[in-house]
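Have a look at the structure below before the remarks.
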Amino acid sequence: MTTDVLVKRFESPDDVRVFPKGTFELLRLGDMTIGRATYQPGWKWSIDVGTELGSSMCSVEHVGMVISGSAAVAMEDGTVIEMTAGQVFYIAPGHDSWVTGDEPYVSLHFMGAEAYAVKAK
């Protein structure tokens with residue numbers, strides 16, 4: 001029996017998506033893509049990502065974990081939730097988000113990373 005092992009680090013990502021006030025780095029491990037979001041204070045999805053995509057709401061479904069900092073998520077129905085370090089999250093499509101507080105927000109994304117911030121063709 002053989003076992004394949006693949007080890008990667010975010011210091012050498014497979015892809016980087018750069019936005020005003022932030023980056024989204026991707027690691028591809030077989031069929032899975034993991035993302036790391038790093039956003040500076042003042043970052044807001046609808047402004048820093050959505051403007052380029054021509055959308056005011058993110059249409060990607062996310063599962064992830066907040067590593068540091070905090071961010072708010074606003075759903076289309078007006079519900080707003082704040083996410084902080086150590087929390088694991090699920091976010092349905094149709095949301096905006098922004099960094100809260102004075103420190104950078106960092107999160108890992110285990111679902112939705114490949115489709116995140118990609119302009120529809």
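The values are calculated or read from the model by the stated rules, or taken from the named source; none is laboratory data. Note that the structure is predicted; figures quoted are calculated from it, not measured. Here Cβ is always computed from backbone atoms with ideal geometry, including for glycine, and neighbour counts include all displayed protein chains. Side chains are part of the model used for accessible areas, which takes the heavy atoms of the whole protein and leaves out ligands, DNA and RNA. Shrake-Rupley method; radii C 1.70, N 1.55, O 1.52, S 1.80 Å.
Worth a mention:
- In segment 24-121, GluC sites (Glu not before Pro) in a DSSP loop with at most 16 other beta-carbon atoms within 10 Å: E61, E76, E114
- Structural descriptor for the chain: relative contact order 28 percent, calculated from alpha carbon pairs under 8 angstrom and at least 6 residues apart.
- Accessible surface of I81 - all protein chains present, 1.4 Å probe, nearest 10 Å²: 90
- The Rg/Rh ratio for the chain is 0.98, where Rg is the radius of gyration of the alpha carbons and Rh is the Kirkwood radius.
- When restricted to Cα atoms, segment 21-78 yields an Rg and a Dmax of 12.6, 37 Å, respectively.
- At a probe radius of 1.4 angstrom, the accessible area of the chain per residue rounds to 57 square angstrom.
- Here the relative contact order of segment 58-121, from alpha carbon pairs under 8 Å that lie six or more residues apart, stands at 45 percent.
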